[in-house]
Amino acid sequence: MSQKTLFVNILLPLPIKGVFTYRVPRDLENIVAYGKRAVVQFGAKKIYAGLITEVHEDVPQHEVKYIIEVLDDKAVVNDIQMKFWNWISEYYMSELGEVMNAALPSAYKLASESRVVLHPDYICDKDILTDYEFLIIEALMVGDSLSLSDISNILGFQKIMPIITSMIEKNWVIIEEDLKERITPKKANYISLSEDYQEEEKLKELFEKLQKRAYKQLEVLMSFISISGFYTDKKTEVARTRLTKAVDSSDGAVRSLISKGIFVQNERVESRLQSNIKEKNIEDINLSEAQDTALNNIISAFKEKNVTLLHGVTGSGKTEIYLHLINDVLKEGKQVLFMLPEIALTSQIIDRIKSYFGEHVGVYHSKYNIQERAETWKDVLNNGENSYKLIVGPRSALFLPFSNLGLIIVDEEHDNSYKQQDPAPRYNARDAAIFLASLHKAKVILGSATPGIETYYNSRHNKYGLVELNERYGGLQLPEVLVADVKRETRRKTMSSHFSSFLMGHIKEALKNHEQIILFQNRRGFSLRLECDICNWIPNCIRCDVSMIYHKHSNQLKCHYCNYTVHVPGKCGNCGSHEVKMKGFGTEKVEDELAMLLPEASIKRMDLDTTRNKNAFNNLLMDFQNHKIDILVGTQMVTKGLDFNNVSLVGILNADNMLSFPDFRSYERAYQTMAQVSGRAGRKKKRGKVIIQTFQPYHQAIRDVMENNYMNMYQSQILERRNFHYPPFFRVIEIKMRHKNSESLFYAANELADMLRQSVKVQILGPVNPMVPRIRNFYIKSMIIKLPRDSKLLARKEIIRQRIYDFKSSSKYKSCIISIDVDPQ
Ligand code: ADP
Ligand code: ZN
Ligand code: ZN
């Protein structure tokens, strides 16, 4: 009896076009199925785990290889996801393999070059190991890490991926890159007052006793009372370091109080991954009248529209509204996706969500280890009774195998961390969420105090619903925004370093009242460049056309594009003069100089340099929350979604460098950044203050922030966008070309531009040099294509894709790297 031969189409996690056909050996015929992973050889040596996208009997034209093995019992992706991937690939003009790479957790993306190491928690129990597992573990105990091809060699055969997969699942080994991302718990000592002294009478006695004999201890005790808010908040714990700092930075008195049994010390893990315990009920949230109206407006907008914008000022209580909407959808038995910008994904908001939805909440985050990511994936895929129903995550959470979404919330929808920059697919998660929701027939809420221009346009023109929430929760006022005129203060010589006397006065006032302060400076490093006063020579990076930034901490000049570092030159590299001065200032200088001006304050910095360690970001937030820090200086990291009770003052140190970017979004971005960071001020107790330092106090963007006038900003911008053919009126595609040789790049870029002009017949700007025209020795040209949003849009995109593909494949320009960015941010 003749049997038909089976073939499968395999999608590989590689930036190449299309799928590849392989033959199915007899013994795997009953196992192959759509959505499972199969191990295949690609090229001469490489082995990959790819996805089966089709099982068929069409005999290919040429001979094909057999698949080596099948890794899964069940499909790991579903049909809706494949549709979603296809859409991303088409819309963002990227290959399906690139989408697969972005979508799958790394545990699912095994390849012969993947490296594994022993899991740090692995405990040796040789009895339960199979012979192969034993060999692998032995080898890993000797060496540091092994690639899968190394392991193949050790075991003497190729079919090792199922063994590795099962060892990963059992937490015995881990993919090396994921190891680096594991989060270790942070421990800290907390001080509370002993039970014996909780009564006021007893406390008074103690005061009197200490006053006579131990004045230092009395001081510490008083600080404790004040910081813990003992008489008011009943918050009874204070971090030991904070207490030490509050007095005179000596720990002796604290130690004495502990040994006398007056203070009790507890070591606690400052947990980030809180347990999933439901503590509260949605029904217990009392929405304000304004919130209630907004909620009802959203619900009625959803009757006609699939997407609704919730435009609510900072602190208006958008989250509480989301919680209600989530609750309703969960009750219908559907899944909910709650998206947050990467940086705001702090324990703060997650704890808040978990306290209402408990064990139904799954967090999907690139910072969590491989295990959790793969587990969350599986859990969502199963979508059983006990599976997570509410997923909280950044843009990558869109790719989870949802089967039954009812609602997607995109919080802070204007945030540009929703846009993936590199590598392709350069998708915008906010926009992709809207497409994903349509596949599930789900609703989408976009929330922001400062919506993106395109989003606001869409809601004003009835594409989306629009619900406005103009007051803060609890009758709080929006902060008062004031301007410090740096030009005038410079003239009057009232600046201390980069701080105006106006801002300094307010900082001191806040410190005196035990209030906290956030200072925002959008550049990191110490100075922005060195410059020779005689000949204007500026030390640039040797690999990038950009000035190097001085970092005082390491006393080096560093390139922020390639991390190249050099020693600080003693004299000018051009004329030899010693008059080489620092120009401009970054967060490091702010921290440094402020520490000199305010020696008694606890000042910390939050930027890329201080948060490279994965725990550091959350640690800083926790320390700020617990008032171990008085002043937090930071880059845009401090602007996003943080909710602290005790911040009364926000300072924007240099508004001018936000206003001077040559980009059609710069005005919008400057407004959003200033309004968002302002929103961190005065969120619980009293009206906050914001002080903007600027040379241009009458600049319209600053006026708009002062008046909280989003509408004015929007209207001026939409006019410009219309006049100059930018989104939402035109679709913009940016093409970037890179080459080691500037001349070759010049010709290649012009040729591609001419070709596109002829074949697409639309406006193309460029090729031009971008702001940084060379990075890591690659010269860069960029061009902007503006496509009218008419019936020819899709056809034109297809032509562009095809032309670029042909161009790339022509041998002449093979060494030119081309990247396409649809809707660049
Ligand atoms: P937004 O996200 O709009 O900036 P939040 O949702 O963070 O504002 O709310 C601001 C603060 O007000 C939070 O601390 C929140 O707990 C509180 N809040 C908002 N609405 C309520 C409510 N209905 N009941 C109690 N607290 C609320
Ligand atoms: Zn010089
Ligand atoms: Zn560089």
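The values are calculated or read from the model by the stated rules, or taken from the named source; none is laboratory data. Nothing here was measured: the structure is a model prediction, and the numbers come from that model. Neighbour counts run over all protein chains shown; Cβ positions are idealised from the backbone, glycine included. Remember, those area values only see protein heavy atoms, side chains included, never the ligands or the DNA or RNA. Shrake-Rupley method; radii C 1.70, N 1.55, O 1.52, S 1.80 Å.
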Where does the chain land at 222 nm, in deg cm²/dmol rounded to the nearest 500, when only DSSP H runs of n ≥ 4 count, each adding -39500 (n - 2.57), divided by all residues?
-10500 deg cm²/dmol
Which of the peptides 633-639, 522-528, 285-291 is most tightly packed, and how do the rest follow, going by the mean number of other Cβ atoms within 10 Å of each residue?
633-639, 522-528, 285-291
Rounded to the nearest Å, what's the spacing between the alpha carbon centres of the stretch 595-640 and the stretch 523-564? Just the number, please.
24 Å
Gain in length, Ala595 to Gln265, computed as 0.36 nm per residue apart minus the alpha-carbon separation, to one decimal in nm?
115.8 nm
Give me the lysines in straight-line cross-link reach of Lys583: C-alpha distance below 21 Å, same-chain residues under 8 apart excluded.
Lys487, Lys493, Lys552, Lys558, Lys571
Thr494 versus Phe724, label points 7 Å from Cα toward the beta carbon: distance in nm?
3.6 nm
Give me the 1.4 Å probe accessible area per residue for the stretch 553-708, excluding ligands and nucleic acids, in Å².
40 Å²
May I ask which residue of Met548, Ile818, Tyr132 lies farthest towards the positive end of the charge dipole of the chain, with charges of +1 (Lys, Arg) and -1 (Asp, Glu) on Cβ and the Cα centre as origin?
Met548
State, as an integer percentage, the relative contact order of the chain based on alpha-carbon contacts under 8 Å between residues 6 or more apart.
10 percent
For Met711 and Lys331 in one chain, what is 0.36 nm times their gap in residues minus the Cα-Cα distance, to one decimal in nm?
133.1 nm
If packing is taken as the average number of other Cβ atoms within 10 Å across a peptide's residues, how do 465-476, 95-106, 798-809 rank, most packed first?
95-106, 465-476, 798-809
For the modelled label position 7 Å from the Cα of Lys463 along Cα-to-Cβ, which residues of the stretch 726-756 have backbone nitrogen atoms closer than 11 Å?
727-731
Sort 324-335, 395-406 by packing, meaning the average of other beta carbons within 10 Å per residue, with the highest value first.
395-406, 324-335
Quantify, in whole percent, the carbon and sulfur part of the accessible surface of the chain (1.4 Å probe; protein heavy atoms only).
48 percent
In order over the stretch 660-665: 3J(HN,Hα) from phi, Karplus 6.51/-1.76/1.60, θ = phi - 60°, whole Hz, x for each Gly or Pro, gives 9, 6, x, 8, 5, 9
Label-reachable residues, the stretch 616-659, where backbone N falls under 20 Å from a point 7 Å from Lys487's Cα toward its Cβ:
652-659
Please work out the FRET efficiency for the pair Leu793 and Asn750, using the Cβ-Cβ distance as r and a Förster radius of 25 Å; give the result to the nearest 0.05.
0.50
FRET efficiency for Val55 and Lys812, using Cβ-Cβ distance with R0 set to 41 Å, rounded to 0.05
0.55
What dipole magnitude, in Debye to the nearest 20, does the chain give about its Cα centre under +1 on Lys/Arg Cβ and -1 on Asp/Glu Cβ?
2260 debye
Go ahead and collect, in residue order, the members of the stretch 531-557 whose backbone nitrogen is under 17 Å from a label point 7 Å along the Cα-Cβ direction of Ser742.
538-548
Sequence-distant residues sharing a close amide H with Ile692 (under 5 Å, placed H)
Leu482, Val483, Ala484, Ile652
What is the antiparallel percent of DSSP beta bridges lying wholly in the chain, to the nearest 5?
60 percent
So which aspartates and glutamates can Lys74 reach, going by Cα to Cα under 14 Å and dropping same-chain residues fewer than 8 places off?
Asp379
Provide the FRET efficiency to the nearest 0.05 for the Asn153-Ala33 pair, computing r from the beta carbons and using R0 = 51 Å.
0.95
Probe 1.4 Å, protein heavy atoms only - accessible area per residue of the stretch 397-500 in square angstrom
37 Å²
If you stretched the chain out fully between Gln802 and Lys45, how much longer would it get, using 0.36 nm times the residue separation minus the C-alpha to C-alpha distance?
269.5 nm
